[in-house]
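Below is one structure; the comments refer to it alone.
The values are calculated or read from the model by the stated rules, or taken from the named source; none is laboratory data. From a predicted model like this one, the values you see are computed outputs, not experimental measurements. So basically every Cβ, Gly included, is an ideal-geometry build from the backbone, and we count neighbours across all protein chains shown.
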């Protein structure tokens, strides 16, 4: 398998509840069981296009969401969902169903929100090109999520490089927003002395 070593490293980090997501110290998540090929096929049918091979393998070999940056990757059907119980297909269809206006363009085709950072910030899988990439939607800082996706800030040139950086322990928020980095200092419980957020490299 082409990405065997990367998947091994992702599994290693995702297996530990303390490192499963970048926000595990705020909102712990469970690692969803792997998706079946039939689940992926039904998800793609609802999306209206095929997921990149790497993303499909991620769901079927590692887990159907619940790990990764922010509050965790949203899964395919039957996997990890958003706070409103949306999977990637239902979330994409919901956002695409909102009619655009001159001020707020409609959500573009083949751009799938996959990772919630909170405060209306999302990492999205951009499938509009032959080589998919990860782009950032930030309606808290721009006019609308669609604005940012139409003129995307590319946080990583591929989903593989995005996950590779996370598996290595990089703080991906700082890649997305270098002008407003997160603190590199570990947070310590003042009552117990417990480190509740590991220091990032």
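Which one of 14, 83, 30 is closer than 25 Å to residue 161 by Cβ and either in contact (Cβ under 8 Å) with a residue 24 or more places away in the chain or under 17 Å from the mean Cα position of the chain (by Cα) (or both)?
Being closer than 25 Å to residue 161 by Cβ and either in contact (Cβ under 8 Å) with a residue 24 or more places away in the chain or under 17 Å from the mean Cα position of the chain (by Cα) (or both) holds for just one of 14, 83, 30, which is 14.
On the basis of being surrounded by 20 or more Cβ atoms within 10 Å (Cβ to Cβ), touching a strand residue (DSSP E or B) at 6+ places or on another chain (Cβ under 8 Å), at pLDDT below 65 and more than 18 Å from residue 74 (Cα to Cα), does residue 197 make the cut?
no
Mind listing whichever residues of segment 67-94 are part of a loop (DSSP other than H, G, I, E, B), in contact with a helix residue (DSSP H, G or I) (Cβ under 8 Å, 6 or more places away or on another chain), buried (at least 23 other Cβ atoms within 10 Å of the Cβ) and modelled with pLDDT under 95?
Within segment 67-94, 67, 69 qualify.
Output the number of residues of segment 95-123 satisfying the condition of being free of Cβ contacts under 8 Å to residues at least 60 places away in the same chain, surrounded by fewer than 20 Cβ atoms within 10 Å (Cβ to Cβ) and not in a loop (DSSP other than H, G, I, E, B).
Within segment 95-123, residues that are free of Cβ contacts under 8 Å to residues at least 60 places away in the same chain, surrounded by fewer than 20 Cβ atoms within 10 Å (Cβ to Cβ) and not in a loop (DSSP other than H, G, I, E, B) number 2.
For residue 60, which of the numbered conditions (1) outside any loop (DSSP other than H, G, I, E, B); (2) in contact (Cβ under 8 Å) with a residue 40 or more places away in the chain; (3) surrounded by fewer than 24 Cβ atoms within 10 Å (Cβ to Cβ) fails to hold?
(2)
Which one of 179, 126 is more than 17 Å from residue 21 (Cα to Cα) and at pLDDT 85 or above?
Details: 179 fails: at pLDDT 85 or above.
Of 179, 126, the one residue that is more than 17 Å from residue 21 (Cα to Cα) and at pLDDT 85 or above is 126.
Take the residues in segment 25-48 that are surrounded by fewer than 19 Cβ atoms within 10 Å (Cβ to Cβ) and either out of contact with any helix residue (DSSP H, G or I) (no Cβ under 9 Å at 6 or more places or on another chain) or modelled with pLDDT under 95 (or both), then tell me which one is nearest to residue 97 (Cα to Cα).
Here the residue is 41.
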